[in-house]
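One structure is given here, and the rest of the page talks about it.
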Amino acid sequence: MEETKNNPLRKTIKIKYFDEQMERLTYIGGKSDWIDLRASEDVEMKKGEFRLIPLGVAMELPRGYEAHIVPRSSTFKNFGVIQVNHMGVIDESYCGDHDQWRFPAYAIRDTKIHAGDRICQFRIIEHQPVIQFEEVKSLEHEDRGGFGTTGRK
C-alpha cells in the first residue's frame, strides 16, 4: 500500500478487473468509507439456491490488511438474497490473478441480478494486533444490565 504524494492518508491498492467493460470502483468521499461492489455477470437464482456471484475484481492487499465484505442495506429488499457467511473476510494472501472476489448468496425468493447491479460493499481494515489475555476472578466494574439492554429506556 503506497501513500500518495498529495495525501499521506490516501493509500493505493493494485486491482485487476476481469471485464474491461465493467464500471470501475470509486470511493465516494463524504458519504461513506465503504466501497460498492457489483455483480460482474447476470445471475438468475431460484428460491433456496446458493451461488457464488462473481464481483469482477481481484486485489493485492498490502501485508497486514484485510477486506471486509457485507451486503448493501438494500440488497435483501431489491434482490431477495442474503450473504451466507454474513461478512466475508479476504486477507492479503488471496491476491493471485485468478483470485476473483465473490459474493456468497442464498436466495429467499426467485430473483435476477444483472451485471453491474451493486450488491455488496467492502472496506479495508488493518489486522487486529496480537492480543494477550489475562485471566482474572473479577472485572471490577458495574454490570450494564445483561445482553440486549441498551436503548430500553
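Odds and ends about this structure:
- Taking each residue of the stretch 34-61 that is closer than 30 Å to K11 by Cβ and looking for partners that are open to solvent by 10 Å² or more (accessible area, probe 1.4 Å) and hydroxyl-bearing (S, T, Y) with beta-carbon atoms closer than 7 Å, six or more apart or interchain, yields I35/Y27; P54/S40; L55/S40; G56/Y17; G56/S40; V57/Y17.
- Taken together, the residues in the stretch 57-94 that are more than 23 Å from H127 (Cβ to Cβ), open to solvent by less than 60 Å² (accessible area, probe 1.4 Å) and out of contact with any Cys (no Cβ under 7 Å at 6 or more places or on another chain) amount to 4.
- Residue among D97, D117, D110 that alone is surrounded by 10 or more Cβ atoms within 10 Å (Cβ to Cβ), under 24 Å from V57 (Cβ atoms) and modelled with pLDDT of 95 or more: D117
- Taken together, the residues in the stretch 1-19 that are over 17 Å from M59 (Cβ atoms) and either open to solvent by 90 Å² or more (accessible area, probe 1.4 Å) or at pLDDT 70 or above (or both) amount to 4.
- Residues in the stretch 24-56 that are of a type in the set (D, E) and surrounded by 14 or more Cβ atoms within 10 Å (Cβ to Cβ): D36, E41, E49.
The values are calculated or read from the model by the stated rules, or taken from the named source; none is laboratory data. Everything numeric in this text was worked out from a predicted model, so none of it was measured. When we count neighbours, we look across all protein chains shown, and the Cβ atoms used for this are built from the backbone with ideal geometry, even at glycine. The area values use the complete protein model at the heavy-atom level, side chains included, leaving out ligands, DNA and RNA. Shrake-Rupley method; radii C 1.70, N 1.55, O 1.52, S 1.80 Å.
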